[in-house]
1. If you check A:T20, A:T16, which single one turns out to be away from every other protein chain (no Cβ under 14 Å), surrounded by fewer than 16 Cβ atoms within 10 Å (Cβ to Cβ), modelled with pLDDT under 85 and under 28 Å from B:Y5 (Cβ atoms)?
2. Just wondering, is there one or more residues in region A:148-160 that are in contact (Cβ under 8 Å) with a residue 40 or more places away in the chain, out of contact with any helix residue (DSSP H, G or I) (no Cβ under 7 Å at 6 or more places or on another chain) and of a type in the set (D, E, K, R)?
3. Does B:I126 count as away from chain A (no Cβ under 14 Å), at pLDDT 70 or above and outside any helix (DSSP H, G or I)?
4. Would you pick out the residues in region A:182-209 that are surrounded by 14 or more Cβ atoms within 10 Å (Cβ to Cβ), free of Cβ contacts under 8 Å to residues at least 12 places away in the same chain and within 13 Å of chain B (Cβ to nearest Cβ)?
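The values are calculated or read from the model by the stated rules, or taken from the named source; none is laboratory data. Keep in mind the model is a prediction, meaning the values are calculated, not measured. Neighbour counts are summed over all protein chains in view; Cβ atoms, including those assigned to glycine, are modelled from backbone coordinates with ideal geometry.
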Amino acid sequence: MGAPSASSSNRGPIATPRVTQDDRVLVALARDGDRAAFDELVRRHADGLYAVVVRLCADRHEAEEVTQEAFLRAWRGLPAFHGDAQFFTWLFRIGVNEARRRADGMRRRADVVVVSLDEQREHASRDRSVQPVDRAERADLRRTLDAAIAALPVDQRAALVLRDVEGLSTAQAAAVLGLREAALKSRLHRAREVLRAGLADHARRRGAS
Amino acid sequence: MLPAYREQALPADQDARVRAHLRDCADCRASLAQLIELASDLRALRSRAPDGLAERVIAHLDADSASARLSVVTTAGDEPAPRTPAATRAWTIAREQLPRTLALSFVVGVAITLLKDLGTLLSDGITVQTCAVCGANFVAAFALLNVWLLLARPRPWPRRPRRRNRLCAPRV
């Protein structure tokens with residue numbers, strides 16, 4: 001998929017868009033009505049789009065619906081897409097807007113469901129070098145982070161997921177959300193502060209227990 | 001500045017200054033370590049898409065194309081002409097700003113009437129004629145405001161901050 005790849009270093013550019021030039025060719029073909037070219041764009045970007053919108057939707061079923069709807073709108077809107085932005089930032093913007101539109105329309109639910117236990121187990125089991133106690137601690141930490149992210153206001157959550165979880169660059173994340181980079185950084189800063197406070201609480205609780 | 005330092009997004013001189021500061025400041029070193037750890041933990045949270053998602057999206061597109069073709073066959077010629085984007089945009093602006101334009105027009109209409117006909121109002125009181133003049137001023141101000149809105153397309157007035165959105169996170 002087209003979301004950026006992970007950076008292996010602790011400090012360094014977080015994201016590099018994996019697909020650029022080929023996307024332009026495929027987009028040009030798709031704009032001329034080539035469905036096979038658009039299908040290839042779907043295969044490249046569906047997983048990345050899903051990974052973003054699943055954090056903004058009520059459940060995985062809705063996230064899949066949003067993903068499908070975003071591609072449908074992209075296909076219909078391709079004639080209006082002139083390549084000013086990268087295809088995947090344009091697509092992600094459609095998806096994020098659709099997720100937020102649905103969120104605005106649904107009744108707000110106050111409860112926060114802690115998510116992704118299967119993913120946490122998967123990540124933990126992937127790292128064979130980590131001792132079982134460490135893995136349990138990491139899983140606990142990730143549950144805390146999941147809950148803290150889920151409790152963020154949707155604007156901050158979208159910024160954080162795009163930038164810090166999915167690894168888009170600041171410019172790309174700002175383009176997806178239709179913000180200036182300074183505004184995106186401000187939202188990110190607030191979101192990170194909330195998460196850091198949550199992690200500090202988590203550390204205190206673990207220290208006390 | 002530490003997040004930008006971590007991402008190597010600072011200009012060289014600032015980067016060097018932060019590095020030098022970090023040598024002497026244990027608090028900032030701890031904050032940087034927290035940031036690095038948080039970044040690592042966040043990247044590990046990346047959600048995995050369900051198997052076969054892309055193929056289901058493609059099937060959805062196929063189904064939509066098929067229904068669109070059917071729709072063209074059954075309703076050809078019945079569809080109303082689509083509104084142009086410019087007209088849609090103009091209508092959206094006018095509709096969104098309607099409460100404000102109405103209120104502002106009312107204030108302007110009353111103010112102009114008071115300025116122009118204050119003497120008449122004081123001597124004769126509120127009459128049908130002054131009400132008519134006030135109404136005409138209101139209508140003129142409302143029309144001018146909307147023309148200005150559509151031509152100038154100013155940045156939207158700041159909205160009230162939204163309520164915190166406490167959406168549920170995805171269920172497993």
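1. A:T20 is the lone residue from the list that is away from every other protein chain (no Cβ under 14 Å), surrounded by fewer than 16 Cβ atoms within 10 Å (Cβ to Cβ), modelled with pLDDT under 85 and under 28 Å from B:Y5 (Cβ atoms).
2. no
3. When the stated conditions are applied, B:I126 passes them.
4. Result: A:S186, A:R196.
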